[in-house]
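Reading through the structure tokens given below for one structure.
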Amino acid sequence: MERPTKPFAHMSDADLIRAARRQPAAFEELFERHAMLLRTWLFAQTGDAGVANDLVGETFAQAWRGVRRFRGEDERSGAAWLYGIARHLVHQHHKRGRVETAGRRRLGMASAASDEGGIEEMLGRLDAHELSPAVREAFAGLTAEQQTAIGYRVIDELSYDEIGVRLQCSPGTARARVFRGLQTMRSTIAKGAKS
């Protein structure tokens, strides 16, 4: 019995991207062609299977949102465009990791610790062992939601998607809680240093 041919199997990656503007199934073919190889490449770049999976998803999400902006002419330009998106995301991932590590050092915090005892115990560990008095005071002044979000992000190094799941909110809300909490802490510590 002969296997049915896929309607887009004969098309180049660049043609698939252009076709996806009108026919979403063409984008599915692009995904099937590249997802596994892209995941392997991303794993080699990050050394973390979970991060590689997240970045594959984000790469294709950004590609889907950008199909109308694709201008490649060469038949290999589609794969190059896709890997360009992935390369940018890897760069952002590594930059974010360096920034967060530097932030932990500036706050006088140890590197990631496990959360086997739950969030309350984790915050207790923060308060009792890892923070300077000024940082401890600034942390105590945050809302409980900000404290929890910062604990998950800075101590446990969870992604914003993972934090959103744990806190039952969107990744954007999780990111905002961390950002606003750290901003408030920075401001509180700066005011304390001036007085």
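So, in region 1-27, exactly how many residues are surrounded by 15 or more Cβ atoms within 10 Å (Cβ to Cβ) and outside any loop (DSSP other than H, G, I, E, B)? If you could, list the steps in order and put the result at the bottom.
First pass over region 1-27, keeping only residues surrounded by 15 or more Cβ atoms within 10 Å (Cβ to Cβ): 8, 11-20, 26-27.
The next check asks that each one be outside any loop (DSSP other than H, G, I, E, B); those that pass are 13-20, 26-27.
Final tally of qualifying residues: 10.
State the number of residues belonging to region 34-57 that are charged (D, E, K, R) and modelled with pLDDT under 90. Quick ask: steps written out before the conclusion?
Restricting attention to region 34-57, the residues satisfying the condition of being charged (D, E, K, R) are 39, 48, 54.
So of that shortlist, the ones also modelled with pLDDT under 90 come out as 48, 54.
Going through region 34-57 one residue at a time, the tally reaches 2.
Could you tell me which of the residues 63, 80, 44 is assigned to a helix (DSSP H, G or I) and either within 21 Å of residue 157 (Cα to Cα) or touching a residue at least 60 places away in the same chain (Cβ under 8 Å) (or both)? Spell out the reasoning first.
Numbers: 63 fails: either within 21 Å of residue 157 (Cα to Cα) or touching a residue at least 60 places away in the same chain (Cβ under 8 Å) (or both); 80 fails: either within 21 Å of residue 157 (Cα to Cα) or touching a residue at least 60 places away in the same chain (Cβ under 8 Å) (or both).
Just one listed residue meets the conditions, 44.
Restricted to region 42-72, and to residues that are among the aromatic types (Phe, Trp, Tyr) and open to solvent by 80 Å² or more (accessible area, probe 1.4 Å), which residue is nearest to residue 13 (Cα to Cα)? Working first, answer last.
Narrowing region 42-72 to residues among the aromatic types (Phe, Trp, Tyr): 43, 60, 64, 70.
This time we only want the ones that are open to solvent by 80 Å² or more (accessible area, probe 1.4 Å), so: 43, 64.
Numbers: 43: 22, 64: 13 Å.
Among them, the one singled out is 64.
Mind checking which helices (runs of 4 or more DSSP H) fall wholly inside region 111-184 and carry at least 3 residues that are at pLDDT 80 or above? Quick ask: steps written out before the conclusion?
Working: elements: 118-125, 133-140, 144-150, 160-167.
Per the criteria, 133-140, 144-150, 160-167.
Mind listing just one residue for me: the one in region 28-41 that is open to solvent by less than 30 Å² (accessible area, probe 1.4 Å) and touching a residue at least 24 places away in the same chain (Cβ under 8 Å) and, of those, farthest from residue 81 (Cα to Cα)? Talk me through it step by step, then tell me what you get.
Of the residues in region 28-41, the ones open to solvent by less than 30 Å² (accessible area, probe 1.4 Å) are 29-30, 34-35, 38.
The next check asks that each one be touching a residue at least 24 places away in the same chain (Cβ under 8 Å); those that pass are 30, 34-35, 38.
Working: 30: 12, 34: 12, 35: 14, 38: 12 Å.
Filtering first and then ranking leaves 35.
The values are calculated or read from the model by the stated rules, or taken from the named source; none is laboratory data. Since this is a predicted model, take the numbers as computed values, not measurements. Virtual Cβ from ideal backbone geometry, glycine too; neighbours counted across all protein chains shown. Accessible surface is based on the protein model in full, side chains and every heavy atom, while ligands, DNA and RNA are left aside. Shrake-Rupley method; radii C 1.70, N 1.55, O 1.52, S 1.80 Å.
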